[in-house]
Amino acid sequence: MKAASVVELRKELEHLDKEKLKQLCLRLARFKLENKELLTYLIFESEDESSYVQSIKNQLDTLFLDINTNSYFYVKKRIRKILRRIRKFARYSNQPETEVELLLYFCLKMQDITPSIFKNKTLTNIYNRQVESAQKKTKKLHEDLQYDYNLQIEDLKH
């Protein structure tokens, strides 16, 4: 079975009634956790972006506390997993401010890991890439936000 394009789907969805759309959404939510998470964001959390960001930061705090620091191997695995989650949550929001804020918070939390990430080349590279990514994404924002975030980025670079 070949999937229809987004344009075709949009045209078909325009012709459906409200009840049928509701059934389709609920059916989508049953099949994949990501669909359910996205619907949860769109229905409950999209109105208050700051609380959404704060809830993600709380989750990140927990994830960083659970990192096994006995070996850099385990630290790298966990860091990559956390980064995947950040990207997923940022994709749900689809707002550059949210993504920049989460990336900067991620970098701050990485600095606090003991033993230091800067003693491991791979972890240092991950850190540097995220700082650069935040810097690139900051350029898409309003000038006032750019200034605030650039100050934080400069602190992270030193």
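The values are calculated or read from the model by the stated rules, or taken from the named source; none is laboratory data. For clarity, every value in this text was computed on a predicted model and none was experimentally measured. Here the Cβ positions follow ideal geometry from the backbone for every residue, glycine too, while neighbour counts run over all protein chains shown.
Residues are listed down the side, and each one gets a yes or a no for (1) touching a residue at least 24 places away in the same chain (Cβ under 8 Å); (2) aliphatic (A, V, I, L, M); (3) assigned to a helix (DSSP H, G or I):
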position: 3; (1), (2), (3): no, yes, no
position: 12; (1), (2), (3): no, no, yes
position: 19; (1), (2), (3): no, no, yes
position: 22; (1), (2), (3): no, no, yes
position: 35; (1), (2), (3): no, no, yes
position: 51; (1), (2), (3): no, no, yes
position: 54; (1), (2), (3): no, no, yes
position: 57; (1), (2), (3): yes, no, yes
Failed item, numbered, when residue 86 is tested on (1) in a helix (DSSP H, G or I); (2) more than 9 Å from the chain's Cα centre (by Cα): (2)
Filter result for the condition that a residue is over 21 Å from residue 152 (Cβ atoms) and at pLDDT 95 or above, over 77, 22: 77
Filtered residue count, the stretch 59-77, keeping only those that are over 20 Å from residue 134 (Cβ atoms) and either surrounded by 19 or more Cβ atoms within 10 Å (Cβ to Cβ) or out of contact with any Ser or Thr (no Cβ under 8 Å at 6 or more places or on another chain) (or both): 11
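For every residue, the table says whether it meets (1) under 15 Å from the mean Cα position of the chain (by Cα); (2) farther than 25 Å from residue 38 by Cα; (3) in contact (Cβ under 8 Å) with a residue 24 or more places away in the chain.
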| site | (1), (2), (3) |
| --- | --- |
| 69 | no, yes, yes |
| 74 | no, yes, no |
| 115 | no, yes, yes |
| 121 | no, yes, no |
| 130 | yes, no, yes |
| 137 | yes, no, yes |
| 147 | no, yes, no |
| 150 | no, yes, no |
